[in-house]
Amino acid sequence: MLHSVIMAGGSGTRFWPQSRKQRPKQLLALAGDDTMLQQTAARCAHWTRPEHTWVVTNAVQAEATREQLPALPSTNTLVEPAARNTAPCVGLAAIHLLKTDPDATMFVMPADHVIEPAEAFTQAALQAAEMVNEDPSRLVLFGVTPTFPATGYGYIERGDRVASEGSPAFSVSSFREKPQRDVAVEYLKQGRYYWNCGIFCWKAQTIAHLIRQHEPEIYERLRAISDAIGTSAEASVLDEQFPLMKSISIDFAVLERADNVMVIEAPFQWDDVGSWLALARLNDSDEQGNTAQGQTCLLDTKDCIVRSDGDHLVATLGVQNLIIVHTPDATLVADVNQSERVKEILSELDARELWQFQ
């Protein structure tokens with residue numbers, strides 16, 4: 001049976017001050033009326049019922065996650081006691097699925113991406129699941145065709161084409177880490193490289209076996225947790241074992257070491273919403289290139305991103321190329337060209353012990 005697994009434990013530091021430890025970007029409505037988590041769950045609803053949709057998050061965000069997804073059984077929100085990257089996250093989901101469905105197929109995705117149109121994504125998800133059902137040893141990924149020489153994404157190099165109905169599918173020849181710009185330009189020219197968007201499909205049993213093969217220490221701790229599921233010791237074993245796992249991505253732990261890895265050329269539009277600049281891409285702008293949300297009044301203002309919470313009015317006059325974000329207890333004003341540095345503010349707040357603003 002096909003299960004959806006949503007990874008929703010990120011901190012979203014680049015969206016400070018609206019994104020906080022208790023309210024990261026996946027819990028915010030950044031592109032539309034629903035939050036990014038709700039939009040992700042809505043996409044999954046096209047191929048999985050609520051009881052087969054799982055969310056992996058952390059203890060700080062678990063309550064808000066359940067509140068935003070009331071249709072999901074509360075037990076389908078899996079809580080990580082500590083941040084340990086995506087390999088332990090995927091492993092935790094896999095052992096829970098296998099408890100009730102030994103033949104479970106996992107469709108794994110982040111909670112904080114914007115994907116359109118939903119119909120194309122659904123068709124691609126079902127294609128991936130069919131490829132896995134045809135060969136349970138397969139690990140299926142999605143590759144986004146690059147539109148510019150991005151240096152902030154990992155890349156997938158495609159190999160030979162694989163027979164599959166739907167979007168073009170290929171074997172994976174290699175994985176490439178975030179490149180320098182000149183290398184990214186070359187990838188774009190060659191036309192056989194995709195952006196790795198971090199969306200996967202595989203059998204739960206297969207990924208558990210490969211974690212055991214390549215990261216045995218992680219597997220042994222997962223097995224201890226699995227043995228305790230449904231018993232009075234479940235919470236205590238999870239709290240003991242999970243934080244001791246190596247912090248490593250599923251890419252490094254398994255995908256780059258595995259043999260039968262496939263990539264589907266994504267037929268959908270994808271945005272990882274990596275900084276405040278994404279609001280300009282994902283929302284309407286006025287004739288002066290401004291993207292405004294909330295109570296705002298912009299005069300003689302050009303190419304600005306302005307967002308305000310509640311009834312607070314943000315007015316601008318004679319400015320350009322600014323990011324202005326107001327919240328009840330903190331306000332950000334930044335040059336749009338410095339958007340990637342917003343996370344540095346969190347480091348400075350930590351150094352000054354101003355944790356109440358994090």
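The values are calculated or read from the model by the stated rules, or taken from the named source; none is laboratory data. As the structure is a computational prediction, the values presented were derived from the model and not from experiment. A quick note on method: Cβ atoms are made from the backbone with ideal geometry, for glycine too, and the neighbour counts reach across all protein chains shown.
So is ASP329 more than 30 Å from GLN356 (Cβ to Cβ) and not assigned by TED's automatic domain parsing to the domain that holds ARG14 or not? Criteria not met by ASP329.
Residue pairs whose Cβ atoms lie under 7 Å apart, separated by 6 or more positions or on different chains, with the first residue in the stretch 183-212 and closer than 19 Å to VAL263 by Cα and in contact (Cβ under 8 Å) with a residue 12 or more places away in the chain and the second β-branched (Val, Ile, Thr) and assigned to a helix (DSSP H, G or I), are CYS201/VAL132; TRP202/VAL132; LYS203/VAL132; ILE207/VAL90; ILE207/VAL254; LEU210/VAL254.
Can you say whether ALA41 is among the small types (Gly, Ala, Ser) and within 28 Å of GLN356 (Cα to Cα), as far as the supplied structure shows? No; evaluated as a whole, the condition is false for this residue. Taken across the stretch 112-120, residues that are at pLDDT 95 or above and over 18 Å from the mean Cα position of the chain (by Cα) do occur, with at least one present. In summary, strands (runs of 3 or more DSSP E) completely within the stretch 118-219 and bearing 2 or more residues that are surrounded by fewer than 13 Cβ atoms within 10 Å (Cβ to Cβ) occur at 155-162. Checked against (1) crowded, with 18+ Cβ neighbours inside 10 Å; (2) part of a helix (DSSP H, G or I); (3) more than 18 Å from the chain's Cα centre (by Cα), MET262 meets all criteria but (2).
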